[in-house]
Amino acid sequence: QVQLVESGGGWVQSGDSLRVSCVASGRALNTYDMAWFRQAPGKERESVAFIKWNGVSTYYAESVKSRFTISRDDAKNTVYLQMDNLKPKDTADYFCAAKRGETPDYVNMYRHWGQGIQVTVSS
């Protein structure tokens with residue numbers, strides 16, 4: 001079983017940068033695809049960024065492309081989301097999630113989730 005814990009959230013101003021981290025325990029992450037999702041108050045959860053188990057392929061939602069970067073350090077069992085040029089619309093709870101690398105690339109295949117961390121961007 002994989003346990004995920006996010007950290008690094010907080011309150012920032014529009015245009016600032018922030019890096020959130022997700023540390024895994026219980027299993028080595030090097031065979032897991034990883035992802036970040038977010039959920040704003042009153043809205044549905046949305047995908048933010050994905051990174052394959054080998055770190056070669058990444059995917060970003062259009063709303064964050066060119067501003068956010070997902071990366072992984074398997075030696076530290078950690079996944080990061082670097083968020084630059086933050087905007088008030090990025091305010092949300094951010095969740096990291098994991099799925100086995102051999103499973104299909106569907107959101108519902110992500111079976112392991114962190115508790116989430118709040119990111120607030122003021123204008």
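The values are calculated or read from the model by the stated rules, or taken from the named source; none is laboratory data. Being a predicted model, the structure only gives us computed values, none of them experimental. Note that we place each Cβ from the backbone using ideal geometry, even for glycine, and neighbour counts take in every protein chain shown. Only protein heavy atoms, including side chains, enter the accessible area calculation; ligands, DNA and RNA are left aside. Shrake-Rupley method; radii C 1.70, N 1.55, O 1.52, S 1.80 Å.
On the given criteria, is GLU6 acidic (Asp, Glu), within 19 Å of THR120 (Cα to Cα) and assigned to a strand (DSSP E or B)? I'd like the intermediate steps shown before the answer.
Working: acidic (Asp, Glu): yes; within 19 Å of THR120 (Cα to Cα): yes; assigned to a strand (DSSP E or B): yes.
Judged against the criteria, GLU6 is a match.
Here's the yes/no breakdown for (1) in contact with a strand residue (DSSP E or B) (Cβ under 8 Å, 6 or more places away or on another chain); (2) touching a residue at least 24 places away in the same chain (Cβ under 8 Å); (3) open to solvent by 20 Å² or more (accessible area, probe 1.4 Å); (4) closer than 14 Å to SER21 by Cβ:
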| residue | (1), (2), (3), (4) |
| --- | --- |
| ILE51 | yes, yes, no, yes |
| TYR59 | yes, no, yes, no |
| LYS87 | yes, yes, yes, no |
| VAL119 | yes, yes, no, yes |
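Per-residue answers, yes or no, for (1) over 18 Å from GLN118 (Cβ atoms); (2) of a type in the set (Gly, Ala, Ser):
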position: ASP16; (1), (2): no, no
position: TRP36; (1), (2): no, no
position: LYS43; (1), (2): no, no
position: PHE50; (1), (2): yes, no
position: VAL56; (1), (2): yes, no
position: ALA61; (1), (2): yes, yes
position: THR78; (1), (2): yes, no
Inset, instruction - Answer yes or no as to whether TYR60 is of a type in the set (Phe, Trp, Tyr), modelled with pLDDT under 95 and over 15 Å from VAL2 (Cβ atoms). - result: no
Inset, instruction - Give me a count of the residues in the range 78-123 that are closer than 18 Å to ARG67 by Cβ and modelled with pLDDT under 95. - result: 1
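Here's a check for you: in the range 20-41, which residue that is assigned to a loop (DSSP other than H, G, I, E, B) and at pLDDT below 95 is surrounded by the most Cβ atoms within 10 Å (Cβ to Cβ)? Can you show your working first?
Of all residues in the range 20-41, those assigned to a loop (DSSP other than H, G, I, E, B) come to 26-28, 40-41.
Cutting the leftovers down to at pLDDT below 95 gives us 26-28, 41.
Details: GLY26: 11, ARG27: 15, ALA28: 11, PRO41: 7.
Within the range 20-41, the match that is surrounded by the most Cβ atoms within 10 Å (Cβ to Cβ) is ARG27.
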Inset, instruction - Please enumerate the residues belonging to the range 64-85 that are surrounded by fewer than 14 Cβ atoms within 10 Å (Cβ to Cβ) and of a type in the set (Gly, Ala, Ser). - result: SER66, ALA75
Legend entry - Hits in the range 89-117 - residues which are exposed (fewer than 15 other Cβ atoms within 10 Å of the Cβ), among the β-branched types (Val, Ile, Thr) and within 15 Å of the chain's Cα centre (by Cα): VAL107
Legend entry - Flag if TRP11 is open to solvent by 30 Å² or more (accessible area, probe 1.4 Å), aromatic (Phe, Trp, Tyr) and either touching a residue at least 24 places away in the same chain (Cβ under 8 Å) or over 16 Å from LYS87 (Cα atoms) (or both): yes
